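Handing you this structure, nothing more for now.
What follows draws every value from the coordinates through simple rules; no lab data is involved. Since the structure is predicted, the reported quantities are computational estimates derived from the model, not experimental observations. Quick reminder, even Gly has a Cβ in these numbers, built from the backbone with ideal geometry, and neighbours come from all protein chains shown.
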Amino acid sequence: MKCVILAAGEGKRMHPLTYTRPKVMLPIANRPIIEWNLINAIKAGITEFIFIVSYKSEMVRNYFKDGSKWKVNIEYVNQGKPQGTGHAIGIVESFVDDFLVLCGDTIFGENDIKKMMQTPNSMGLYQVDKPEEYGIVDTEKGRVIKIYEKMEKPFTNLINAGIYNFDKSIFKYIKNTKKSQRGEYEITDSINMMAKQKEIISIKIQKWRDVVYPWHLLDANKEILNKLNKKTEGVIEKNTTIKGPVFVGKDTQIMSGTYIEGPVYIGENCKIGPNCYIRPFTSIGNNCHVGNASEIKNSIIMNNSNAPHQNYVGDSIIGENCNLGSGTKVANLKLNKTNIQVTLNGKKIQTGRRKIGVIMGDNVQTGINSMMNVGTMIGNDVAVGPGAFTSGEIKPKSKII
């Protein structure tokens, strides 16, 4: 059985992080989201994959290549202009017979993938607390009756999880699917047509992690790091303290005076310390520097980025190739300790979180003693001058002086 992974979308709700990469390539515990699906699908017994790509597809292709690193075969089909999930699945008709479909920006468990593989013409469902944010599914005696998109008052907590097992009959319904109000060909519309004529088995899955907004990456990162095993491939100097599960990558140096509380993942060729503090649920990419008197807490720092001198970064995501000037600080908690609202793509959004710092795109440089307010969204290639105070939404290539 082949596995088709949908990886074509940009993910605009993930701005500013997806200005420079497709959503599926955002890192969680130092691996792209889509890689976690690949790993779990391989564990379930799949060896043949098709990645449907489009937006900045070269990043996916360059990372995964032909799949030989994972001892599997990966092929690529370019969707061109994204026209919806129905259109994306429809373009692989000549490449598959019975096949599995996974949404590349949602992480599924190994056992659930295996269960779906064993159930022809099936659809995965998951129970959530806020079903109004998703497509809910009406079922009867283990069959899918109909999918409803984002109801204000849902009658069930079961949602469409984004994992399917199809045979070639699905393509007949995709060809008869019309564009939705969003102007896209939705696979849910195709499934609704199919369900009227053919049995679609509903499978309740147990493990499911969706990432819609940037701060959801922190939740997923925490979940995966909670299963981290301690391992050291780098060099740890004397007079350091490492508590709990901490992964230290190859050629990484943990310098004297550093205090690390796991679970923490540190990539390859990093310089950590001297005299810095890294707190739980932090992932640090490759070629990074966290230096003297800097503190990192519950954050994701991507490859080639630095917090080298007297920096505080909490509950934040720092993109690639960023450098925080000496004394740059990030606020992550309001004085009244209420939930934080952010501005994303010009709209106010409630995060539901009391603590969130900065979401920073790639190639951002900050000057000495600059400050970032809670929930600041900074686009790529932004320069923040010495002593500058940032808040709200800052568009790419801006200069804050």
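Can you give me the relative contact order of the stretch 222-400 as a percent, contacts being Cα pairs under 8 Å and 6 or more apart?
RCO, the stretch 222-400: 12 percent.
In percent, how large is the relative contact order of the chain, given Cα pairs closer than 8 Å and 6 or more residues apart?
Working: 1121 pairs, mean separation 45.1, N = 401.
Taking the mean separation of contacting Cα pairs over the length of the chain, I get 11 percent.
Near the amide H of Ile236, under 5 Å away, which other amide H atoms are found, from residues 5 or more places off or on another chain, if H is placed in the peptide plane?
The answer is Ile254.
In whole Å, what is the distance between the alpha-carbon centres of the stretch 92-137 and the stretch 1-67?
For the stretch 92-137 versus the stretch 1-67, the Cα centre distance is 16 Å.
Calculate how steeply helix 33-43 sits against the longest principal axis of the alpha-carbon atoms of the chain, using the helix alpha-carbon long axis, and give the answer as 0 to 90 degrees to the nearest 10.
With rounding to tens, the tilt is 60 degrees.
In the stretch 225-269, whose amide N lies under 16 Å from the spot 7 Å out along Cα-to-Cβ of Asp219? List them in ranges.
Output list for this probe position: 225-226.
Further question: Given a cut-off of 26 Å, name the pairs among Lys43/Lys231; Lys23/Lys153; Lys243/Lys297 whose C-alpha atoms lie farther apart than that in the structure shown. Don't jump to the answer; show the numbers that get you there.
Numbers: Lys43/Lys231 22 Å; Lys23/Lys153 29 Å; Lys243/Lys297 15 Å.
Beyond 26 Å: Lys23/Lys153.
By counting other Cβ atoms within 10 Å of each Cβ, how are Met302, Met1 ranked from fewest to most?
Met1, Met302
Ok, one more. Using label points projected 7 Å from each Cα along Cα→Cβ, tell me how many nm separate Ser256 and Lys230, to one decimal.
2.3 nm
Can you give the helix-only mean residue ellipticity at 222 nm for the chain, where every DSSP H stretch with n ≥ 4 adds -39500 (n - 2.57) and the sum goes over all residues, rounded to the nearest 500 deg cm²/dmol?
-4000 deg cm²/dmol
Still on this model: Within a 10 angstrom radius of the beta carbon, how do Thr338, Thr47 rank from fewest other beta carbons to most?
So the residues, fewest neighbours to most, are Thr338, Thr47.
Hey, fewest Cβ within 10 Å first, where do His15, His216 land in order?
His216, His15
If you don't mind, another one. How many nm is it between the label spots at Gln341 and Asp129, if each spot is 7 Å from the Cα in line with the beta carbon?
2.1 nm
While we're here: Quick check: the distance between the Cα centres of the stretch 149-220 and the stretch 346-370, to the nearest angstrom?
When both Cα centres are located, 32 Å separates them.
Under 5 Å between amide hydrogens, which residues at least 5 positions from Gly291 or on another chain qualify, with H placed 1.01 Å from N in the peptide plane?
Gly273, Ala307, His309
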